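**Student:** The structure's right below; bear with me while I get my questions together.
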Amino acid sequence: MHDKSVAQLGEGLRDKQFSSLELSHCFLDRIARLDGAYNSFISVDEDAVLAAARAADERLAAGTATALTGIPIAHKDIFCTNGMRTSCGSRMLDNFVPPYDATLITKFNRDGAVILGKTNMDEFAMGSSNESSYYGPVRNPWDTTLVPGGSSGGSAAAVAAMLAPAATGTDTGGSIRQPAAFCGITGIKPTYGRVSRLGMIAFASSLDQAGPMARSAEDCALLLNSMAGHDPLDSTSSELATQDYCSQLGDSLQGLRIGLPREYFGEGLAAGTASCIEAALKELEALGATLVDVSLPHSHLSIPTYYVLAPAEASTNLSRFDGVRYGHRCDNPVDLHDLYTRTREEGFGAEVKRRILVGTYALSAGYYDAYYKKAQQVRRLIKQDFTSCFEQVDVIAGPTTPGPAFALGAKSDDPLAMYLEDVYTLAVNLAGLPGMSVPAGFVADKPVGLQLIGPHFAEARLLNVGHRFQQATDWHTRRPASATGEAV
Amino acid sequence: MAIEQNEIEKIAELARIRIAPDQIGQVTGRITEILGMVDQLQAVDTRDIEPLANPLDAVQRLRPDEVTEENHREAFQAIAPAVENGLYLVPRVVE
């Protein structure tokens, strides 16, 4: 059962081939046996899983099931779950049990999906390797000496190792797409505002977006159908009507114009990754698409722009962690100032503190125009690059990452080297566009991801391209030996 | 832009984060590197470019000024480090 797609599992459940209880036991058992090697989960509440599975089985028996009823789904530990610890990968929230559900969780509950557990992540989603988690690093199922990518590394590893059929992630600068690429799975970051941010612990509010991570584009579409939609409780949530994200999956790619930004194929791109991407593009061409050279002339500015705006927003958002209302509080504070400063010294890790300090600096008196306002102006130039491109093409394609997964520890002491990991993904968040990563081959047994970028609200088009690509290739069906080399 | 150690101390104070004295040098070094990278932006011509705050250029939605939420004080305070009689407790501020 563990290697089946969400679509297949849904059919099996509705045809009574197996129950949600059996399915849930299967994944709980795999987590218990295998996750010691990956550390992809922070919390698994077995009793809650089984109770939700029983409720789903009743709904399946009553004939009121949806596409996701009874399907176990792992959630990044950034989404608040009522009554279940939500740590955000931080000591600051190690003891935080939210009194409410994130809207995304409410929607999955409404559809009868089972919360399988909460997955490991970089602390407050700040990182590209999952090494900044308070709960220790996650290991890549393809090679446990490698990082899984981040910040949604636990979700990516769990899906790749078949510890969960699908998972949720969040993406502020690449945190769904980069770990999806490193772990050989499919992940989509929807348009900014497509999925509610309510109850998703905030990092950078003008960039954060939640999305699905699964083993195929089709499964991502099934999850997105449940997640997407307007939320009156999130003032940045889009009021634009959603669509059935499965409805266009099979459409022909004949005549589709795919833009190849020359800046995404130049210096810095590893040769092996480039070969995989070129082969994937030939495949799309064979499916009827036309390849068009385009340019995103400001793309080299996305790293400096992001590393002003994201820390600035983070410094504001993370000011709420004060040791007064919830979360960590230091022992024996001598006064209120000591309570704040020591609580935050102890509760936050090094990268989170760095970003708060950079953000505080960028927003401080005398520097605001030089940093924050300047970065917002360049952000508009970056967005305009994409607007011009989408006058000529329907989709933009390129690599998700400059190279495949790297060794644990290789970049953890060098923030600037780590920031370069997101060179092809950051601009998509700055422009608020949907972006997707699809498995596109291997370099020395390490997965490579093809990135697809669409105009605002073109999620269905990206999923269509991903699905047709996956019908023509088998990269997304490859499984890591560490997760399959056992008697089933 | 080079940043002095005393500026980092000032920023840390604004951000209410204590930095241990033996780490301040390293933190200053890292932040200097990051700000150095960010300085690329200064060379970009952004005259007449409107800053972009929301990627969809959306504006704040308004709703009627009506009470729509219930009071959840007990649930919220149940997870607080210290409360008494419905109030959050902190060290004494005024003697």
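**Student:** Express as a percent, rounded to the nearest 5, the fraction of DSSP beta bridges in chain A (both residues included) that run antiparallel.
**Tutor:** Bridges in chain A are about 70 percent antiparallel.
**Student:** Also, I was wondering about something else. Could you please rank A:Ser226, A:Ser437, A:Ser319, placing first whichever residue has the fewest other Cβ atoms within 10 Å of its Cβ?
**Tutor:** With the sparsest Cβ surroundings first, the list reads A:Ser319, A:Ser226, A:Ser437.
**Student:** Bin all alpha-carbon pair distances of the range A:390-430 at 5 Å intervals from 0 and give each bin's fraction as a whole percent.
**Tutor:** Reading upward from the zero bin: 5, 18, 24, 21, 12, 9, 5, 5, 1.
**Student:** Now for a different question. Given a cut-off of 25 Å, name the pairs among A:Lys4/A:Lys118; A:Lys4/A:Lys411; A:Lys16/A:Lys76 whose C-alpha atoms lie farther apart than that in the structure shown.
**Tutor:** Flagged as over cut-off: A:Lys4/A:Lys411; A:Lys16/A:Lys76.
**Student:** Continuing with the same structure: Using a simple spin-label model with points 7 Å from Cα along the Cα→Cβ vector, what separation in nm is obtained for A:Ala407 and A:Asp47?
**Tutor:** 4.5 nm
**Student:** If I model a spin label as a point 7 Å beyond the Cα along the Cα-Cβ vector, how far apart are those points for A:Phe18 and A:Asn95 in nm?
**Tutor:** Between A:Phe18 and A:Asn95, the simple spin-label model gives 4.0 nm.
**Student:** Follow-up question, since we're still on this one. Within 10 Å of each Cβ in peptide B:35-47, how many partner chain Cβ atoms are there on average? Round it to a whole number, please.
**Tutor:** The per-residue average across the peptide is 6.
**Student:** Also: How crowded by other chains is A:369-377, given as the mean number of beta carbons from other chains within 10 Å of each beta carbon?
**Tutor:** So the per-residue partner count for this stretch is 5.
**Student:** I need A:Met92, A:Met121 ordered by Cβ neighbour count within 10 Å, fewest first.
**Tutor:** Taking fewest neighbouring Cβ atoms as first place, the list is A:Met92, A:Met121.
**Student:** Quick check on the exposure proxy: order A:Cys330, A:Cys183 from fewest to most C-beta atoms within 10 angstrom.
**Tutor:** Least crowded to most crowded, the residues run A:Cys330, A:Cys183.
**Student:** May I ask you to derive the FRET efficiency for B:Asp57 and A:Thr106 from their Cβ-Cβ distance with R0 = 41 Å, giving the value to the nearest 0.05?
**Tutor:** My answer for the efficiency is 0.90.
**Student:** Output needed for chain A: three equivalent-ellipsoid semi-axes, defined as square roots of 5 times the C-alpha gyration tensor eigenvalues, in descending order, whole Å.
**Tutor:** Computed over chain A, the values are 31, 29, 21 Å.
**Student:** Can you compute the charge dipole magnitude of the protein assembly as shown about its Cα centre, using +1 on each Lys and Arg Cβ and -1 on each Asp and Glu Cβ, nothing else charged? Give it in debye, rounded to the nearest 20.
**Tutor:** Magnitude of the dipole: close to 360 debye.
**Student:** With r as the distance between the Cβ atoms of A:Ala62 and B:Asp48 and R0 = 60 Å, compute the FRET efficiency 1/(1 + (r/R0)^6) and round to 0.05.
**Tutor:** For R0 = 60 Å, the calculated efficiency reads 0.45.
All of the numbers you see were taken from the coordinates with simple rules; none came from a lab. From a predicted model like this one, the values you see are computed outputs, not experimental measurements. We place every Cβ from the backbone using ideal geometry, glycine too, and count neighbours over all the protein chains shown.
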